[in-house]
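Participant: Got a structure here, written out as structure tokens. Questions coming.
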Amino acid sequence: MLETATVVDTAMGPLNAILCTPDGPARAGLVLCDGSGPATRDAWQGVPGWLAGRGIATLRHDKPGCGGSPGDWRRQTFADRAAEGLAALATLRKQAGLERAGLIGYSQGGWISLLAAVNAPDQIDFVVTLGGPFVGVEEQERTLLARVMRRRGLPEPSVEAGLAWADERAARLAAGEGPARVLADQARHAGRDWAAVVCDRPYDTPEELAFFARSLSFDPGALLPFLPCPIMVFLGADDEHVPVERSLEVLGQRLPPRHRGRNGVAVLPGVGHMLYPVPPRPDVPLFDQLSPGFLPLLGDFLERIAP
């Protein structure tokens with residue numbers, strides 16, 4: 001494989017990127033879309049090399065304001081992120097000389113990949129999501145907060161109190177109240193036993209709370225009926241972040257039949273949000289801890305839709 005430094009031109013400026021190409025001709029390509037929070041072009045471990053070994057070119061890039069790239073991801077909307085993914089896809093197609101290409105995204109990056117495909121149906125040939133829920137932002141975050149509080153052993157009244165503040169916070173932000181004012185009220189809960197979960201990052205700065213507010217209306221399930229291309233969905237059976245059963249229910253109800261036989265859904269046992277064991281071993285590279293089913297199933301999907 002060959003890795004080449006490049007850039008993706010976006011509304012926030014040129015983002016540093018890495019183009020990874022196979023030794024021979026590439027039969028397809030994937031843009032790698034990161035999840036929530038900061039991320040750089042070096043975040044995908046051994047996945048680009050594995051894909052290159054199977055004839056798939058990839059492009060991965062910094063999020064704005066990360067890795068020496070300009071901008072600030074906290075000022076983006078999901079639509080901005082989707083436009084960024086499409087710009088990266090255009091760069092990948094041009095520089096690798098591809099006819100078939102798609103997006104693969106983990107966590108929030110899965111949502112972004114889905115949104116990009118619906119926004120530009122003539123530009124994306126397939127989508128892969130890793131640990132991307134198929135419920136709305138508020139439901140997904142509420143599920144995570146409740147599970148973390150219960151895992152930490154908080155009594156049920158504390159869990160309910162924490163969720164009550166999470167619901168109030170989301171409702172006030174959705175109604176347009178400023179993050180700084182919401183944070184001022186949130187500070188009054190600092191001594192509560194649930195505050196370390198419910199009021200921690202990404203709910204503890206005006207910038208990240210503003211990003212959260214802009215994302216509250218997003219519902220991936222509402223996009224599914226309009227998905228123009230095949231999709232491969234990976235979920236970890238032990239994923240604390242994702243309501244897996246609800247996501248499967250939404251997929252079953254809303255995924256259009258037009259690509260039946262080409263779509264795929266896999267719930268991988270024994271792994272969590274990033275398809276690693278929970279918790280991952282600190283002495284083993286994360287790439288080596290990926291679910292043993294993930295890469296073979298990904299390879300099979302790519303063989304079917306881009307032989």
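The values are calculated or read from the model by the stated rules, or taken from the named source; none is laboratory data. Not measured: the values here are computed from a predicted model. Cβ atoms come from the backbone with ideal geometry, glycine included; neighbour counts cover every protein chain shown. To get the accessible areas, we keep the full protein, side chains included, count just its heavy atoms, and leave off ligands, DNA and RNA. Shrake-Rupley method; radii C 1.70, N 1.55, O 1.52, S 1.80 Å.
Participant: Would you work out if region 232-307 is rounded, prolate or oblate? Take a ≥ b ≥ c from the square roots of the eigenvalues of the alpha-carbon gyration tensor; rounded if a/c is under 1.5, else prolate when a/b is larger than b/c, oblate otherwise.
Facilitator: Working: a/c = 3.96, a/b = 1.42, b/c = 2.80.
Judged from the Cα gyration tensor, region 232-307 comes out oblate (a/c at least 1.5, b/c at or above a/b).
Participant: List the GluC sites (Glu not before Pro) within region 105-196 that DSSP assigns to loop and that have no more than 16 neighbouring Cβ atoms inside 10 Å.
Facilitator: Of the GluC sites (Glu not before Pro), the ones in loops of region 105-196 whose Cβ has at most 16 other Cβ atoms within 10 Å are GLU177.
Participant: Between the DSSP loop rule and a limit of at most 15 other Cβ atoms within 10 Å, which trypsin sites (Lys or Arg not before Pro) in region 254-290 are left?
Facilitator: Within region 254-290, the qualifying trypsin sites (Lys or Arg not before Pro) (loop, at most 15 other Cβ atoms within 10 Å) are ARG260, ARG262.
Participant: How high is the relative contact order of the chain? Use alpha-carbon pairs under 8 Å, at least six apart in sequence, and give a whole percent. Could you put the intermediate results ahead of the total?
Facilitator: Working: 586 pairs, mean separation 51.1, N = 307.
After rounding, I find 17 percent.
Participant: Using 0.36 nm per residue, how much length does the chain from ARG281 to LYS94 gain when fully extended, once their Cα-Cα distance is taken away?
Facilitator: Residue separation times 0.36 nm, minus the Cα-Cα distance, leaves 63.4 nm.
Participant: State, to one decimal in nm, how far the label point of GLU160 lies from the label point of VAL7, with both points 7 Å from Cα in the Cβ direction.
Facilitator: Taking the two extended label points, one gets 5.6 nm.
Participant: Looking at the square roots a ≥ b ≥ c of the eigenvalues of the Cα gyration tensor of region 33-158, which shape do they give, rounded for a/c under 1.5, prolate if a/b is larger than b/c, or oblate?
Facilitator: prolate
Participant: For labels at GLN289 and ALA190 in the simple 7 Å Cα→Cβ model, what's the distance in nm?
Facilitator: Result for the modelled spin labels: 3.4 nm.
Participant: List every residue whose amide H lies under 5 Å from the amide H of VAL31, counting only residues 5 or more places away in sequence or on a different chain, with H placed 1.01 Å from N in the peptide plane.
Facilitator: The list, which skips near neighbours in sequence, is LEU59, GLY102, LEU103, ILE104.
Participant: Please compute the length gained on full extension between VAL265 and LEU297, using 0.36 nm multiplied by the number of residues separating them and subtracting their Cα-Cα distance.
Facilitator: Here the segment from VAL265 to LEU297 would lengthen by 10.6 nm.
Participant: Here is a further query. Report ³J(HN,Hα) in whole Hz for each residue of region 278-286, in order, from the Karplus equation J = 6.51 cos²θ - 1.76 cosθ + 1.60 where θ = phi - 60°; Gly and Pro get x.
Facilitator: Coupling constants for region 278-286: 10, x, x, 6, x, 9, 10, x, 4 Hz.
Participant: Please build a GNM for the chain, connecting alpha carbons under 10 Å apart, and tell me which residue among ILE18, ILE104, ILE112 fluctuates the most.
Facilitator: Most flexible of the set in this elastic network: ILE18.
Participant: Have a look at the DSSP beta bridges in the chain and tell me what percent are antiparallel, nearest 5.
Facilitator: 35 percent
Participant: Right, next: May I ask you to give the solvent-accessible area per residue for the chain, in square angstrom, as obtained with a 1.4 angstrom probe?
Facilitator: Numbers: 13080 Å² over 307 residues.
Per-residue value: 43 Å².
Participant: Can you send over the carbon and sulfur percentage of the accessible area for the chain, probe radius 1.4 Å, protein chains only?
Facilitator: Whole-percent figure for carbon plus sulfur exposure: 53.
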